[in-house]
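Below is one structure; the comments refer to it alone.
The values are calculated or read from the model by the stated rules, or taken from the named source; none is laboratory data. Because the structure is a prediction, the values reported are computed rather than measured. Cβ atoms come from the backbone with ideal geometry, glycine included; neighbour counts cover every protein chain shown. Heads up: the accessible areas ignore ligands, DNA and RNA and are worked out on the full protein's heavy atoms, side chains in. Shrake-Rupley method; radii C 1.70, N 1.55, O 1.52, S 1.80 Å.
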Amino acid sequence: MDEILALVGRQRDLLSADLEAHEEELEAAVRDGRFLVIGGAGSIGQAVVKELFSRSPRSLHVVDLSENNLVELVRDIRSSVGYMDGDFRTFAVDAGSSIFESLFQSMGPYDYVLNLSALKHVRSEKDPFTLMRMIEVNILNVDECLRMASAAGVGKYFAVSSDKAANPANMMGASKRVMEMLLVATGADLPISTARFANVAFSDGSLLHGFGQRITKRQPLSAPNDVRRYFVSAKESGELCLLSCILGGNGEIFFPKLSSELNLVTFSSIAERYLRWRGLEPYVCSTEDEARARVDELSAEGKWPCYFFESDTTGEKDYEEFYVEGEQVDWERFSALGVVRNTASCDPERLQRFLSEARSLIRRGQWSRAEILELFHSVLPQFAHRETGKYLDDKM
């Protein structure tokens with residue numbers, strides 16, 4: 001059994017039956033396709049690139065801002081899958097730059113564009129500057145890329161969304177909801193699809209990924225004990241994106257069905273499983289200070305200090321959901337996936353006003369969190385942002 005799945009309390013891969021049922025169609029589409037993957041060196045992006053590479057596309061071009069992660073992606077592929085007959089290249093380029101536009105025009109044409117570039121953390125709304133960068137990456141760059149893809153005659157555009165886009169409680173989720181609206185608005189000119197899925201277990205920068213960093217640096221583990229989330233593995237995230245991109249109809253949103261295999265799990269319980277997997281017994285401390293002070297003492301006894309707490313940070317949602325009231329869901333097409341077929345669109349004028357005002361704030365060079373929150377409310381009137389004045393960066 002996959003170790004990652006075991007750590008989040010699961011016995012098997014969610015999507016194996018659906019992949020097997022549609023493998024012939026997937027292989028044919030990928031083998032004949034020319035692909036551009038944006039944000040392809042992140043955790044989800046690497047998983048998607050591996051799924052495509054293993055099916056030998058005609059061309060596979062990967063763009064990411066992280067030069068180091070691109071190097072590791074290539075080494076990983078060469079050391080696992082090996083080589084393919086098609087044209088495989090990576091480019092350390094900012095997808096929001098004029099250089100990227102030149103690349104798009106010079107290296108195409110592309111049959112499929114998959115945009116996996118995102119600021120994905122709720123902590124991104126802690127200050128107005130990172131928050132505006134999140135809007136730029138998650139919305140404005142997508143708008144520009146859609147324009148280029150439509151003008152170039154791209155056959156299909158996929159952008160990854162989030163479960164947090166369904167009834168968003170934080171501005172990260174709101175940015176993904178606006179992105180979905182943007183995709184729907186573009187669907188008349190360019191076929192699009194997307195996917196909402198749960199937290200990707202041990203993805204780069206995630207709390208679970210940090211567990212290993214804490215042990216390497218001889219630091220305690222810290223996690224909320226009241227936040228319950230669904231988790232998919234990085235491999236499953238790549239499979240889900242592939243299925244949505246290739247098999248998704250125009251405007252459709254794929255998401256994993258909840259089942260006995262996909263259960264809500266607390267971060268603290270995963271921390272305890274992770275430590276036992278590493279051969280250590282978790283020791284729960286009552287304060288951060290105690291946890292920091294007792295690493296050497298407890299580790300000598302085969303134990304590791306943990307600090308678990310109740311969450312009180314801005315943007316946390318009490319529960320996760322993949323679809324909302326009013327969205328028509330197809331439950332029959334796939335074994336482990338639901339498909340939203342009619343997500344709510346947005347008044348085009350209101351959406352364009354959002355894009356214009358966001359760009360105007362950037363040109364002005366000065367803005368506040370309150371202005372950005374008001375901007376989100378202008379396009380998402382029911383946006384229930386939960387502000388507590390506390391943020392994840394205030395936690396250990």
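Numbers below:
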{"item": "Long-range neighbours under 9 Å by Cβ, at least six apart or interchain, first residue farther than 15 Å from Asp127 by Cα within region 364-380, second open to solvent by 70 Å² or more (accessible area, probe 1.4 Å) and part of a loop (DSSP other than H, G, I, E, B)", "result": "Val379/Asp347"}
{"item": "Any hit, region 127-139, residues being of a type outside the set (Lys, Arg) and free of Cβ contacts under 8 Å to residues at least 24 places away in the same chain", "result": "yes"}
{"item": "Residue list for region 1-23, filter: charged (D, E, K, R), open to solvent by 40 Å² or more (accessible area, probe 1.4 Å) and over 15 Å from Phe231 (Cβ atoms)", "result": "Glu20, Glu23"}
{"item": "Index of the failed condition, Val62 passing every other in (1) touching a Leu at 6+ places or on another chain (Cβ under 9 Å); (2) assigned to a helix (DSSP H, G or I)", "result": "(2)"}
{"item": "Residues that are open to solvent by 40 Å² or more (accessible area, probe 1.4 Å), acidic (Asp, Glu) and more than 12 Å from Ala358 (Cα to Cα), drawn from region 112-153", "result": "Glu144"}
{"item": "Any helices (runs of 4 or more DSSP H) falling wholly within region 105-197 and containing at least 2 residues that are of a type outside the set (A, V, I, L, M) and in contact with a strand residue (DSSP E or B) (Cβ under 7 Å, 6 or more places away or on another chain)", "result": "171-186"}
{"item": "Top-ranked residue in region 379-396 [being surrounded by 14 or more Cβ atoms within 10 Å (Cβ to Cβ) and either more than 24 Å from the chain's Cα centre (by Cα) or aromatic (Phe, Trp, Tyr) (or both); ranked as modelled with the lowest pLDDT]", "result": "Tyr391"}
{"item": "Filter result for the condition that a residue is of a type in the set (D, E, K, R) and touching a residue at least 40 places away in the same chain (Cβ under 8 Å), over Asp76, Asp143, Asp87", "result": "Asp143"}
{"item": "So Asp76, is it surrounded by fewer than 16 Cβ atoms within 10 Å (Cβ to Cβ) and farther than 18 Å from Lys235 by Cβ", "result": "no"}
{"item": "Output for region 208-241, where each listed residue is within 14 Å of the chain's Cα centre (by Cα) and in a helix (DSSP H, G or I)", "result": "Ala234, Lys235, Glu236, Ser237, Gly238, Glu239, Leu240, Cys241"}
{"item": "Unique residue being of a type in the set (D, E, K, R) and under 20 Å from Asp94 (Cα atoms) when the list is Lys120, Lys156, Lys126", "result": "Lys120"}
{"item": "Set Glu125, Glu136: member being at pLDDT 95 or above and out of contact with any Cys (no Cβ under 8 Å at 6 or more places or on another chain)", "result": "Glu136"}
{"item": "Residue among Lys176, Lys217 that alone is out of contact with any Cys (no Cβ under 7 Å at 6 or more places or on another chain), within 30 Å of Gln328 (Cβ to Cβ) and without any contact (Cβ under 8 Å) to a residue 60 or more places away in the chain", "result": "Lys176"}
{"item": "Qualifying residue in region 103-111 (condition: within 24 Å of Gly173 (Cβ to Cβ), surrounded by 14 or more Cβ atoms within 10 Å (Cβ to Cβ) and not polar (S, T, N, Q))", "result": "no"}
{"item": "Scan of region 21-55 for residues that are hydrophobic (A, V, I, L, M, F, W, C) and in a helix (DSSP H, G or I), ordered by number", "result": "Ala21, Leu26, Ala28, Ala29, Val30, Ile44, Ala47, Val48, Val49, Leu52, Phe53"}
{"item": "Top-ranked residue in region 31-51 [being open to solvent by less than 10 Å² (accessible area, probe 1.4 Å) and out of contact with any helix residue (DSSP H, G or I) (no Cβ under 6 Å at 6 or more places or on another chain); ranked as modelled with the lowest pLDDT]", "result": "Gly45"}
{"item": "Residue satisfying all of: in region 339-354; in contact with an Asp or Glu (Cβ under 7 Å, 6 or more places away or on another chain) and crowded, with 17+ Cβ neighbours inside 10 Å; nearest to His22 (Cα to Cα) among these", "result": "Val339"}
